[in-house]
1. For A:83, A:47, what's the fewest-to-most ordering of other Cβ within 10 Å of each Cβ?
2. How far, in degrees from 0 to 90, does helix A:115-133 lean away from the longest principal axis of the Cα atoms of chain A, to the nearest 10?
3. Where does each of B:117, A:2, A:161 land when they are ranked from fewest to most other beta-carbon atoms within 10 angstrom?
4. Taking θ = phi - 60°, what integer Hz values does the Karplus form 6.51 cos²θ - 1.76 cosθ + 1.60 yield along the stretch B:77-85, in sequence order, with x for Gly and Pro?
5. So how far apart, in nm, are the two label points at residue B:303 and residue A:19 if each is 7 Å from Cα heading toward Cβ?
6. In a GNM of chain A with a 10 Å cut-off on Cα contacts, which of A:114, A:22, A:40 has the highest mean-square fluctuation?
7. Under the rule a/c < 1.5 gives rounded, and otherwise a/b versus b/c splits prolate from oblate, where does chain A land using the Cα gyration tensor?
8. Mean-square fluctuation check for chain A, GNM, Cα pairs under 10 Å: which of A:90, A:174, A:35 is largest?
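What follows draws every value from the coordinates through simple rules; no lab data is involved. Since the structure is predicted, the reported quantities are computational estimates derived from the model, not experimental observations. Please note: Cβ atoms are built from the backbone with ideal geometry, for glycine as well, and neighbour counts cover all protein chains shown.
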Amino acid sequence: MEQEDAELVRQTLCGNTAAYNGLVLRYQRQVYNLAYRMLGNAEDSGDLVQETFLRAYGALASFRQDASFLTWLYKIASNLCIDQLRSRKAKSALSLDVELEEGREPAADARACGPEEAAVRDAVQEIVHHAILNLPEKYRVVVVMRHLQDMSVDDIARVLELPTGTVKTHLFRAREMLRGRLRPVLEMETDGKPI
Amino acid sequence: MENRFEHTPPEGQGGWGAYVTPPAVPGQQQNNAGATETQAQVGLCAHVQDLLPALIENDGQIRPEMATTLYGHLAVCKACAREFAEMKRVIQMLAALPPAEMPMDYSGLIMSRIQTEMLSVPGLVAPHPTQAAARPGFGPSVAGAATDTREIEKVIAVASPHFATGAVPSVATTTRQAAGTTAGFASAASVTPQTVAELAQETRTTMRTRERLTLAGIFSALLALAFTTTWGRALLGANWNGVSEGAGQVGDALRHVPLLNWLTVLAGAALSQAGGLVGDTYRSLGSLALQGLALDIGLCVAMYYVLVARRQRGQRLGL
């Protein structure tokens, strides 16, 4: 995969824009997922995907291939996400609740289980999604990268330019916060009520 | 997906039951006294709970024998077992979140924006010198500039300054403006390796300078008119006489305030004197029309450089 990416990058640098389209098709979903879990709504996430690939195209000559292309994209996308979140915080114009209403994730496939069970599962997923969005941004980004994008701690450290120990600490604190916010769900499970 | 739970207990042998007699955890004290035992147990649980995140992450910090010991403790300690189960459950909940479904395929939009916003503006973005050289409109100096990645990143950053504020569409506007202001530049056969953004900034600065020079010229002409015409001089003289008289009246009024008597006398005299002095000065200048005009223009130019040019420089530096 990385060799294919390297070849597509090389072709793009030689002027073949169709090769860059291949990279976009390959990775737009991952970038969108990161953006969606960080920003919480579909519209901003779509804009961020576009901006990430535009910036990546412009700076492609600086991509040194010591990390994977996806890791490099995540670096650009996470910086843009953090900028966006800070800008939002500064404006404080929109409440998070409104944004979340706009960008609900699609309902999970109800065919895999009964409709009642699927509804409960969707509700839990919604609660988890909200809990992630309520984390401070520095904790949110590590949780999303580690547990949703399945990146290694070392890769996260490289992308965020943080020491590995700091990433682990942020992960631990983020999970503890999530545990606190998901306490009602966890207690329901412990009490034997199916979730 | 990497296995984060490599250190799993042997479920086939009864799960936690396999560890009903756990080996000693480092730091654990064997003590039979009731209170001391409880204290030691609390300390032990705290120690185990500190290690649980590393056990969950399976990050190499926990050796196999330590993992066995920890699982042994979890088998007999309900509090720690619950803590561990909750940590794992949170991670499972996170992992169970489905990937968000993209509302559309962005590739067409991205490639179209690359074509219109980046490739259609010579000098704005050239991912590689070979591409720059291959495309018409790129002179060698632009190709050379394109190899400087810092330059490229700067251009991209400038071309998309509003994303952070949420105004993404303005990227296109900015780029089009930049392209428009440098239309002549784009068609030139030999171009300098300046970026479009810098050129646009320079153009804006030049326009501001022209506007301000024009205003300064109009202002100078009005002042010159006031100084050099009879009615202008009379107007200024009358005004300064009025100022002088007004200042004198203020001084007189303040003199009647008991506590400030001596001070108001001085202030009134000073104001009156100053008013008279300024009035006389302006009348003298007015009588010397040519000198007045020269002084006026000189003052305006000096004011322009001190106030306007300094501000422009600050704006250019982003201050």
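1. A:83, A:47
2. Helix A:115-133 sits roughly 60 degrees off the main axis of chain A.
3. A:161, A:2, B:117
4. These are the phi-based 3J(HN,Hα) values: 10, 5, 4, 5, 4, 5, 4, 5, 5 Hz.
5. Taking the simple label geometry, residue B:303 and residue A:19 are separated by 6.2 nm.
6. Residue with maximal mean-square fluctuation among A:114, A:22, A:40: A:114.
7. prolate
8. Looking only at A:90, A:174, A:35, the biggest GNM fluctuation is shown by A:90.
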